[in-house]
Amino acid sequence: MIRHIVLTKFNSETPEDKIASIYAGLSALADKLPGAQSFVGGRSESPEQIERGYMHGFVIDFDSWDALKGYAENEEHQALGGQLVANAIGGIDGILVLDLDV
C-alpha cells in the first residue's frame with residue numbers, strides 16, 4: 001500500500017471553508033478512483049505545535065504505485081491540486097508531498 005501524504009501552508013487569506021471544499025473534492029475523488037481509499041484531511045490540532053506553518057494536511061492510501069499514478073494524472077485531481085497551489089504560501093513551495101510504501 002502507498003500512503004500519499006500532503007501538507008500545505010495555506011495563505012492567511014484562505015478561509016477554512018475554501019480549504020474544506022478542496023478537501024471534500026479530494027475525498028470524493030478518492031471514493032471513486034480505483035485503488036484509492038481512506039482519505040483523511042483537515043487542520044492540525046497537534047498539542048506539540050511544531051507544524052512550522054504546515055497547518056493543513058491530508059492522507060490518501062493507494063493499493064499500488066499504478067493507482068497513485070492514475071490519481072496524479074486524473075484531470076479532477078490536477079484541478080484540485082491547482083487550487084491547493086493557488087492558495088498555498090509561495091505556490092508549490094508551500095506544499096510538501098511524501099509517498100510511503102507501507
Query raised in the report: When you go through (1) within 24 Å of PRO34 (Cβ to Cβ); (2) without any contact (Cβ under 8 Å) to a residue 40 or more places away in the chain one by one for GLY91, which number turns out not to apply?
Result: (1)
Query raised in the report: Out of all the residues in the stretch 71-87, which are free of Cβ contacts under 8 Å to residues at least 40 places away in the same chain and either outside any helix (DSSP H, G or I) or in contact with a helix residue (DSSP H, G or I) (Cβ under 9 Å, 6 or more places away or on another chain) (or both)?
Result: ALA72, GLN78, ALA79, GLY81, VAL85
Report task. Return the pairs, sorted by first residue and then second, in which the second residue is assigned to a loop (DSSP other than H, G, I, E, B) and at pLDDT 95 or above, the first residue lies in the stretch 34-51 and is closer than 19 Å to SER12 by Cβ and of a type in the set (Gly, Ala, Ser), the beta carbons are less than 9 Å apart, and the residues are 6+ apart or on different chains. Result -> SER44/GLU51; SER44/TYR54; SER44/MET55
Query - Failed criterion for TRP65 (all others in (1) surrounded by 13 or more Cβ atoms within 10 Å (Cβ to Cβ); (2) of a type outside the set (Ser, Thr, Tyr); (3) in contact (Cβ under 8 Å) with a residue 60 or more places away in the chain hold) - result: (1)
**Report entry** the stretch 3-58, subset part of a helix (DSSP H, G or I) and of a type in the set (Lys, Arg), residue surrounded by the most Cβ atoms within 10 Å (Cβ to Cβ)
**Finding:** LYS18
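The values are calculated or read from the model by the stated rules, or taken from the named source; none is laboratory data. A quick note: this is a predicted structure, and the numbers were derived from the prediction, not measured. Using ideal geometry, Cβ is built from the backbone for each residue, glycine included, and neighbour counts are taken over all protein chains shown.
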